[in-house]
Structures are given as structure tokens and as C-alpha cells.
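Single-structure report; data block below.
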Amino acid sequence: MTLTEQLAEDLKTAMKQKEEVRLSTIRMLKAAMQMKAIEKKVKALADEEVLDVIQKQVKQRKDSIAEYDKGNRRDLAEKEQKEIDVLITYLPKQLSKDELKQIVQGAITVTGATTKADIGKLMKEIMPKVKGKADGKEVNQLISELLP
């Protein structure tokens with residue numbers, strides 16, 4: 001079953017069980033997927049492209065939470081967090097800190113990176129390997145810790 005089919009099934013289930021947060025989140029996700037499909041001029045997105053859309057939605061919500069916290073709007077931040085919890089169920093299992101550290105150290109060895117000026121080279125090497133399994137911000141932070 002493709003990710004798109006899974007989302008359609010989960011949408012029906014959420015409607016039947018009257019799960020408001022799940023229902024609205026999946027609807028927003030499907031709308032974002034449709035916009036991406038129109039942008040790419042395709043009828044349907046591949047699973048990899050759907051994962052990209054989901055990751056983008058998660059990132060947007062994390063950014064919103066940070067802004068709501070600054071504005072002392074905890075109620076809105078909690079709503080965004082509930083939506084993130086729904087979206088994360090469709091992403092592959094996230095890498096642990098140790099697994100990610102091993103990948104970063106391997107990339108440092110392969111690329112011969114020695115300073116923080118090599119971060120771009122490292123990101124280019126690492127991101128395809130961890131796509132969907134780790135946040136780019138987290139990868140960048142780990143690289144900064146490991147390089148002098």
C-alpha cells in the first residue's frame with residue numbers, strides 16, 4: 001500500500017471515529033500534497049515526494065510552535081504539537097543520536113572534512129542517507145559539534 005493510499009484509508013477511519021485533530025491534519029496534508037502535485041505537473045506524488053511534503057509540514061509546525069511560545073500562546077502551540085504527532089506516524093523511524101553520529105563520523109572520514117568550512121560538503125554527503133530519518137537542523141548541529 002502506498003503512502004497516499006494509507007492516508008486515504010486513515011482519513012476515512014478518522015471521519016468514522018470522529019477524530020478531529022487527525023482528520024484536519026490529514027486533510028491539510030492531502031491539500032499540501034495536491035499543491036505539490038500541481039506544482040510538479042503530475043497526477044500523483046511518489047512515496048518519496050509525499051515524505052518530503054510531510055517533513056515540510058512537520059518543520060512548519062515546529063517553527064509555528066517556536067513562534068507561539070514566544071507569543072505566550074501555549075494553546076496554539078499544543079494544537080500544532082498534536083498535528084506533529086499525527087504527521088510523524090507517516091514518517092520512517094527516526095535515527096537515534098548515536099546512529100546519526102556514526103553516519104556523520106563516516107561522512108567526515110569519507111570527505112576528509114577538517115573544519116566548519118566543510119559543512120556544506122558534509123551535508124551534501126549525509127542528507128541523502130538520512131532523508132526522512134533525521135532533521136537537517138539536527139545533522140548540522142551534530143556536524144558543528146564534531147568539527148573544530
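Remarks
- Contour minus Cα-Cα distance for Ala44 and Glu20 (0.36 nm per residue): 6.1 nm
- Contact order relative to length of the range 3-88, as percent, for alpha carbon pairs under 8 angstrom and 6 or more apart: 28 percent
- In terms of its C-alpha gyration tensor, the range 1-40 comes out oblate, because a/c is 1.5 or above while a/b does not outweigh b/c.
- For the residue pairs Lys12/Lys137; Lys16/Lys56; Lys62/Lys129; Lys82/Lys137, the alpha carbons lie more than 25 Å apart in Lys12/Lys137; Lys16/Lys56.
- Between helix 20-40 and the chain: long-axis angle, C-alpha atoms, 0 to 90°, nearest 10: 70 degrees
- Simple point charges give the picture: +1 on the Cβ of Lys and Arg, -1 on the Cβ of Asp and Glu, and for the chain a dipole about the Cα centre of about 280 debye.
- Packing-based order for 114-121, 5-12, 45-52, using average beta carbon neighbours within 10 Å, highest first: 45-52, 5-12, 114-121
- The smallest convex shape that holds all Cα atoms of the range 3-88, its convex hull, gives 83 Å³ per residue.
Coordinate-derived values only; no laboratory data. Since we're looking at a predicted model, the values are computed, not measured. All Cβ positions, even for glycine, are placed from backbone atoms using ideal geometry, and neighbour counts span all protein chains on display.
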